[in-house]
Structure formats: C-alpha cells, structure tokens
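Written out below as structure tokens is the structure these notes cover.
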C-alpha cells in the first residue's frame, strides 16, 4: 500500500484541481495522476483506501479536500454529497484547470456547483 500512501500524500498537498490534461500539451499533473491511482485503489482495496480518503477530506489542502469529495462521489454518492455539503462552508481557495482554462475558486463555490450538478 506504499503507492496508495504516496498518492494520498500528493493529493493532500495539491494546490490545483484538474481531472484531465491541462494546457496546450494536455499535461497530466502529478495530483491528477494521484487521483486516478486512489480512484483505482477505492475499487480494489475499498476499506483501506476509504480510510485514507476520509482523512484527506479532513486534513488535505483545499484542492486535496475537493479531490477527496470527488473520490467519495465515485464510490458512495451519499458520502460524496455529505462531503460537498461540509465543504460548502469553507472559503479556502485553490486553482482549477479545465483543459487550457485555469481559474481560482473557493471550496464553498466549487462545492455549491457540484451540489447543483454543474
């Protein structure tokens, strides 16, 4: 499980949220790669991975907490919704990427959009 720990640690310190390639070259950020690794681990080792994701939701950077909520959404929609509800009260800022478009948002704004189905 050392790779899982490393991936969760990468997410815990992430400053940018991106689920796909970014920029003209469509580069995959280390946090995006880590997200994919944890997502696989949630399917293959759900109990161990879930504990780490729950901890990430509490102790991660703002982007790391958003990644944690998104991960929970993929395996347990009710837990994902509860995580987004919790994050909706947080004004911490982080950077987002959608393709070539970089932006800044708060957990409050991002969680509100996720809860609205945006």
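The values are calculated or read from the model by the stated rules, or taken from the named source; none is laboratory data. Note that the structure is a prediction, hence the values are computed from the model and not measured. With ideal geometry, Cβ positions are generated from the backbone for all residues, glycine too; neighbour counts draw on all protein chains shown.
Check off (1) assigned to a helix (DSSP H, G or I); (2) over 18 Å from residue 34 (Cβ atoms) for residue 68 and give me the number that stays unchecked. Only one criterion in (1) assigned to a helix (DSSP H, G or I); (2) over 18 Å from residue 34 (Cβ atoms) is unmet by residue 68, namely (2).
If the condition is being in contact with a strand residue (DSSP E or B) (Cβ under 9 Å, 6 or more places away or on another chain), in contact (Cβ under 8 Å) with a residue 24 or more places away in the chain and under 16 Å from residue 69 (Cβ atoms), then the stretch 7-34 contributes 14, 16, 17, 18, 19, 31. Condition first: farther than 16 Å from residue 107 by Cα and surrounded by fewer than 14 Cβ atoms within 10 Å (Cβ to Cβ). Now tell me which residues in the stretch 49-73 satisfy that. Once the filter is applied, which keeps residues that are farther than 16 Å from residue 107 by Cα and surrounded by fewer than 14 Cβ atoms within 10 Å (Cβ to Cβ), the stretch 49-73 yields 51, 55.
Do we find that residue 4 is buried (at least 19 other Cβ atoms within 10 Å of the Cβ), in contact (Cβ under 8 Å) with a residue 24 or more places away in the chain and under 19 Å from residue 98 (Cβ atoms) in this structure? No, not satisfied. Cβ-Cβ contacts under 7 Å between residues 6 or more apart (or on different chains), taken from a first residue in the stretch 96-112 that is at negative phi and at pLDDT below 95 to a second residue that is surrounded by 18 or more Cβ atoms within 10 Å (Cβ to Cβ) and not in a strand (DSSP E or B), are listed as 97/18.
Summed over the stretch 7-32, the residues that are at pLDDT 95 or above, surrounded by fewer than 20 Cβ atoms within 10 Å (Cβ to Cβ) and part of a strand (DSSP E or B) give a count of 1.
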